[in-house]
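The values are calculated or read from the model by the stated rules, or taken from the named source; none is laboratory data. Fair warning: this is a prediction, and the values are worked out from it, not measured in the lab. Neighbour counts run over all protein chains shown; Cβ positions are idealised from the backbone, glycine included. Side chains are part of the model used for accessible areas, which takes the heavy atoms of the whole protein and leaves out ligands, DNA and RNA. Shrake-Rupley method; radii C 1.70, N 1.55, O 1.52, S 1.80 Å.
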Amino acid sequence: MNHYLSINDLDNLQNTVQEAIELKKQPLKFESLGKDKTICLLFFNNSLRTRLSTQKAAQNLGMNPIVMNFGAEGWQLEYEDGVIMNENKSEHVKEAAEVIAQYCDIVAIRAFASLTDKEKDLAEVVLNNFEKYAGIPVVNMESAVGHPLQALADAITLEENKVNHKPKVVLSWAPHPKALPHAVANSFVEMMQLQDADFVITHPEGYELDPEITKDSTIEYDQKKAFENADFVYVKNWSSFKEYGKVVNTDSNWMITGDKMRATNNGKFMHCLPVRRNVVVADEVIDSENSIVIEQANNRTYSAQIVLKKILENM
Ligand code: CP
């Protein structure tokens, strides 16, 4: 594998999940694979899990990670060609990407959606320009459109908690006071489309995700109905895609409560974190035995590690 920009960059999701589960048993087995190799982790946005787990994954493979809070400490980058740069952008991505590539062998980038310019967000301007100009492998640590390291960690977690029948997996929207990106939900949908599962997306009308991503996935507007017989309930807020970046519904009735979870098939509660308690999910759900959010967070290390291992093996 050269780049990891989307879950579809994996040759085979199921095999990768099994390889990650093996790696988790012996995380230091390949500690010399990344010897003398450096990874630059560039953060244009905040992070807890992605920052620490990707560093740990790189270190487990013997790599040297360099982390930069690009959004707060880097020069503001220009991405357009032919621009007269006489305003607030100090450096063009053409130089920045090529310079960064002098210092590392892999570059991993977190650059969220603006939620103000749909066209630019869908064009993945930051990620694609780094891929174009850096000339080294690029890893997506959450871009405008996707969060494939999270989706792979979620696939590992689903496998580790698998039931003895074809699972019913529900992706449920939940309320949130702020406008949030679509990336986690998008990548979860793409990952579920590669699984043998009964997959249902539930959200209020007006919160349809990009139809180019959901394709023919089942959408059920009645959350109660969607939760019936669910083995896994994956919860995430996202802003409207149609009324791009807008919060068009804050109905607290969509919060995940104990009553709703009791109506599932003893379903597991999943969330990528961070999560707002008693807004998105009630304490009794996230604190319950059926909450597997910490397992998901733990699996972020092995998701990143298997991806970096595949890239290193291809260098
Ligand atoms: N789930 C996730 O990506 O967490 P962070 O935003 O804290 O990295």
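Data overview
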| quantity | calculated |
| --- | --- |
| Residue match in segment 286-296 (condition: more than 16 Å from the ligand (Cβ to nearest atom) and of a type in the set (A, V, I, L, M)) | no |
| Residue in segment 235-255 that is over 30 Å from Glu119 (Cβ atoms) and part of a helix (DSSP H, G or I) present | yes |
| Unmet criterion (only one of (1) among the polar types (S, T, N, Q); (2) out of contact with any Gly (no Cβ under 9 Å at 6 or more places or on another chain); (3) farther than 30 Å from Glu22 by Cβ) for Asn45 | (2) |
| Residue within segment 27-44 that is open to solvent by 60 Å² or more (accessible area, probe 1.4 Å), of a type in the set (S, T, N, Q) and outside any loop (DSSP other than H, G, I, E, B) present | no |
| Hits in segment 182-215 - residues which are open to solvent by 40 Å² or more (accessible area, probe 1.4 Å) and assigned to a loop (DSSP other than H, G, I, E, B) | Gln193, Leu194, Gln195, Asp196, Glu205, Glu208, Lys215 |
| Check on Met255, crowded, with 22+ Cβ neighbours inside 10 Å and modelled with pLDDT of 95 or more | no |
| Given (1) farther than 25 Å from Leu152 by Cβ; (2) within 16 Å of the ligand (Cβ to nearest atom), index of the condition Thr257 fails | (2) |
| Considering residues of segment 51-80 that are among the charged types (D, E, K, R) and in a helix (DSSP H, G or I) only, the residue farthest from Gln305 (Cα to Cα) | Glu73 |
| Residues satisfying the stated conditions in segment 80-115, i.e. more than 17 Å from Asn186 (Cα to Cα) and within 20 Å of the chain's Cα centre (by Cα) | Ile106, Val107, Ala108, Ile109 |
| Residues being touching a Gly at 6+ places or on another chain (Cβ under 9 Å) and either in a helix (DSSP H, G or I) or within 24 Å of Ser187 (Cα to Cα) (or both) - total across segment 284-315 | 6 |
| Qualifying residue in segment 6-22 (condition: within 16 Å of the ligand (Cβ to nearest atom), at pLDDT 95 or above, outside any loop (DSSP other than H, G, I, E, B) and crowded, with 19+ Cβ neighbours inside 10 Å) | yes |
| Residues (open to solvent by less than 40 Å² (accessible area, probe 1.4 Å) and more than 16 Å from the ligand (Cβ to nearest atom)) located in segment 45-80 | Asn60, Leu61, Gly62, Met63, Gly74, Leu77, Glu78 |
| Residue in segment 298-311 that is more than 16 Å from the ligand (Cβ to nearest atom), open to solvent by 20 Å² or more (accessible area, probe 1.4 Å), modelled with pLDDT under 95 and out of contact with any Phe, Trp or Tyr (no Cβ under 6 Å at 6 or more places or on another chain) present | no |
| Odd one out for Leu33 among (1) within 16 Å of the ligand (Cβ to nearest atom); (2) of a type outside the set (Asp, Glu); (3) touching a helix residue (DSSP H, G or I) at 6+ places or on another chain (Cβ under 9 Å) | (1) |
| Residue among Met1, Met63 that alone is touching a helix residue (DSSP H, G or I) at 6+ places or on another chain (Cβ under 8 Å), aliphatic (A, V, I, L, M) and modelled with pLDDT under 95 | Met1 |
